[in-house]
Amino acid sequence: MGDRRYRRRQTSWYPSVIISAGILFIVFAVVRIHFASESISGRPSIRSGLFSGNRCPTTPPSPPLRLVHTNGTFSWGDVAPKHPVSNYTKLPTEKPLELSTIQHRFRRLSAKARAKRNLRRDAVKATFVKCWRSYKKYAWGHDELSPISGEYKDTYGGWGATLVDNLDTLLIMDLHEEFEYAVEAAANVSFAPEAFVGLEVNIFETIIRYLGGLLSAYDLAGCGDQRLLAKAVEVADMAYAAFDTENRMPLGRWRIHDFAQDLHQASRFGSLAEMASFSLEFSRLSMLTGDMKYFDAAERVTKVLAEQQNSTLLPGMFPENADLQTPDLTTGTVFTLGANADSAFEYFAKMYQLLGGRGPMYRKLYEYSMDVAIDKLIFKPRTHDGADILIAGDWHAPYNGFGLAHLEPRGQHLTSFAAGMLMLGGRLFDNQTHVDVGRKLADGCAWVYQHMPSGIMAETWSMTPCPSKNGTCTYDPLKAVFTSFRDTRYLLRPEAIEAIFYAYRITGDERYQDIAWTMFNNINNKTSTELANAELQDVTKEQPDQVDNMQSFWMAETLKYFYLMFSEPDFISLDEWVFNTEAHPLRVPQSWRKKVSQIVEIDVDLDL
């Protein structure tokens, strides 16, 4: 595992896959009449602009930038805090470390192999374009398109979640004119209290989708479009108001209309993810603007985690829920890498990378928590084929003498992300064990997809664990591999292809290309509607019923990871960009690594 060897593997192409690929190719050929060649005279293509003409600051601006909001008279930045901070923690100023290389050094494919890979990439792009055009036609400016009925939904404030969440996807897929059109619309979105649709602002979703989307688009476009940065500051200042509490812990669900009426709100119980999943976005914004209040907000929460890491009921790990009023993480009994916790752990290693190794607190948080997770949460399941795979489950700890500590062998689609987290962290910190465990988790994702009747992973399921993660264990043919299903839906989630993407970029194993292609075809065939793609009700059936929902992450994450999977591997390199939990790549600001080509000039004709 993880030995970076270039492996050959030939897989069968079933007739349905060939037919599907043919249909997608035809669709792509049609839609590219409008979308394919969008570079405007005198303007370089977006793809080349990602790596040249970069105007992003290498050090935070001093004095801080003062950005003018693009619409309206209300400014969140002018709101006086009730609990002001007297002294902000600043970004580190010492010389960055030279970090270990993360990505595999790939061999250059032959022209034939590249052409085949490009056809796969173009099929993904065709699916995105179909969804984007339907969103523009039926739900423009709203949060989500209903992919069957053609209606729209406003589930995240009515600020155009799909619009903002996909600004960077448009850039990555080189849809230049569509990007310009979308930026113009995003610049006119108002985040003032009176523009909000709903009762509470979900701060977590607002930061990862809206702020992450705007920052990524700004970074990818070379930091030249101040409309994007100004709008990012507007979103961040609105979200920052949710940190205006006595202990500076965030309000995960924040009543914006109560704020407008000056009504008191206090920190409540919240999930770990809501508490600690904004450090990347806030830190990158401080780097770009020079305003340290955002980084300070992230550091205050992270220091609470660091102080209590050894005092939880599973020392090293943090429970899925926290008492934000105290704050206290020492009484929670459920520990997971899945729902309610995932992205908090994800950001530890990524923050270390973003800060250029100048965040030892983040390294300790990552290494300690993941060593414990590997020991307690991750298990090898019993399978009929003796597959050498791993799955991430949940750990239950006793409290005040009640209950027994035990593993719950429950898999989640959400925990698939942990494969990429461990492989990235393993490369970053030269820990081969983490790389190997991450790779086996990625293989576990692929195995579960392969063995579902629909070819798609369910939301949650259970399996029987082996006594040990190493070696083999006896399989009982009278028992089902999947012992139960708690949630059989597929919500168009990205975590599995995210795992395969990281596995490919970090190990260089070409078999992940075929795994990803099979996954894409299974998902697209089952979810495709006349307008876009829909969620599935029960993937334990060969032909699941569709559900009239399509969250913004389908296009912003799932299709983006598929597209990058079939792009040149040095495009959006993991050594130069760090992805937030909504798959928005943020630029690592300094070039402190030795510049190492990630493409080895050897032509090989691989069987794709």
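Here are the numbers for this structure:
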quantity	calculated
Proximal lysines to residue 125, defined as alpha-carbon separation beneath 17 angstrom and excluding residues fewer than eight positions away on the same chain	116, 136, 560
Tensor-based shape of region 454-537 (alpha-carbon gyration tensor, a/c under 1.5 rounded, otherwise prolate or oblate)	oblate
Neighbour-count ranking [beta-carbon atoms within 10 angstrom, fewest first] of 101, 518	101, 518
Residues listed by number, region 331-370, amide nitrogen under 19 Å from residue 400 label point at 7 Å toward C-beta	331-335
The chain: Cys lacking any partner C-beta under 4.7 angstrom	131, 445
Overall form of region 132-236 per C-alpha gyration tensor (a/c, 1.5; a/b vs b/c)	oblate
Reachable aspartates and glutamates, given that their alpha-carbon falls under 15 Å from the alpha-carbon of residue 82 and they are not under 8 places away in the same chain	237, 244, 246, 258, 262
Estimated distance in nm for a label pair at residue 110 and residue 530, the labels positioned 7 Å out from Cα along Cα-to-Cβ	4.5
Inter-probe distance in nm under a simple model that places probes 7 Å from Cα toward Cβ, at residue 95 and residue 185	4.9
Volume per residue that the Cα convex hull of the chain spans, once the total is divided by residue count, Å³	152
Additional length obtainable on full extension of the chain from residue 485 to residue 68, 0.36 nm per residue less Cα span	145.0 nm
Using a Förster distance of 56 Å, the FRET efficiency for residue 472-residue 56 (Cβ separation, nearest 0.05)	0.65
Ordering of 250-257, 379-386 by burial proxy (mean other Cβ atoms within 10 Å per residue, highest first)	250-257, 379-386
In nm, spacing of pseudo-spin labels at residue 262 and residue 334 (7 Å Cα→C-beta vector)	4.0
Sum of -39500 (n - 2.57) over DSSP H runs of 4+, divided by residues of the chain (222 nm, nearest 500)	-12000 deg cm²/dmol
Amide H within-cut-off set for residue 547, under 5 Å, with H built and near neighbours excluded	535, 536, 537
Which of 545, 323, 394 has the fewest Cβ neighbours within 10 Å, and the rest in rising order	545, 323, 394
Listed pairs 380/479; 440/541; 153/526 exceeding 18 Å between Cα atoms	440/541; 153/526
Relative packing of peptides 366-378, 183-195 - highest average C-beta neighbours within 10 Å first	366-378, 183-195
Three-way shape label, region 397-514, alpha-carbon gyration tensor, a/c 1.5	oblate
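No lab work stands behind these numbers, since they all come straight from the coordinates. These figures come from a predicted structure and were not determined experimentally. All Cβ positions, even for glycine, are placed from backbone atoms using ideal geometry, and neighbour counts span all protein chains on display.
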